[in-house]
Amino acid sequence: MKTQEEIIMSFSKLKIKYQISITIILVTLSVLTTNIIIGEIRNTKTINMLSDLLVEQGKNVVAYFINEQKETALQLALRYANDNKIKEYLASRNIKFLDNYISPIYKTLNQTNGITIFEFGDSNGIVIRRAHNPDRFGDDKSHDQAIRSVLNKKKLVGFIFGNSGLAIRSIVPIKKGNNVIGTFQIGYNLNQNL
């Protein structure tokens, strides 16, 4: 029999759409169980206690799932924002080599982690490349509050709207020395995964 930790680790390795589906099923089962118990138990205090407990457990599962996705997105964003080849390609504006380098990385992360957003911008907020949508680039995001914050050396992680919709995203600066030479954002698009 698996331990609780092994079950959580197995759960966190599933794609986001499966994690969300499993979470919804578990919450639904909890609600159904509550309804059955309500039909059998007449004591109001017991019913309220059990209902509150089940709701709290459901909230904890969802919060855990969201926090895991945010932490994974942040760790991946920092990893690739500090990748020397990516910094070199951005600094030299060598887009062909950047494409060749990031394309297999994105494909692997998409298949193994469910990543659906993988985007690089320059130091002016112009999108250089979207590995998740390679034909779409060149748009100006300098007006976007999240991009402006990252260009000012801040890291962001959480639910953030973008061109791909609502997503759990991490957006970080790419620095060469103390200078921001670009932005990188990675995430799980909820519109595609629900």
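For region 145-153, 3J(HN,Hα) computed residue by residue from phi via the Karplus equation (6.51, -1.76, 1.60; θ = phi - 60°) reads 4, 4, 5, 4, 4, 5, 5, 9, 6 Hz, glycine and proline entered as x.
Just want the answer: with Cβ charges of +1 for Lys and Arg and -1 for Asp and Glu, which residue in Phe120, Ala77, Asn94 is farthest toward the dipole's positive end in region 38-154? Of the candidates, Asn94 comes out farthest on the positive side. The Cα atoms of region 105-147 define a convex hull whose projected area, averaged across directions, is 3.3 nm². Could you tell me which helices of the chain pass both thresholds, a Cα extent of 27 Å or more along their own axis and a mean Kyte-Doolittle hydropathy of at least 0.0, with helices taken as whole DSSP H runs? Helices meeting the span and hydropathy rule in the chain are 16-40. Cβ-Cβ distance of Tyr18 and Asn179, R₀ of 41 Å, FRET efficiency by 1/(1 + (r/R0)^6): the value works out to about 0.50.
Other residues lying with their Cβ under 12 Å from the Cβ of Phe184 contribute a combined charge of +4, Lys and Arg counting +1, Asp and Glu -1. Annotation: amide H of Thr116 within the under-5 Å range of Gly187, Tyr188, Asn189, sequence separation 5 or more or interchain, hydrogens built in the peptide plane.
We did not get these values from a lab; they are worked out from the coordinates using the rules stated. Only a predicted model underlies this, so the values are computations on that prediction, with no experimental measurement involved. With ideal geometry, Cβ positions are generated from the backbone for all residues, glycine too; neighbour counts draw on all protein chains shown.
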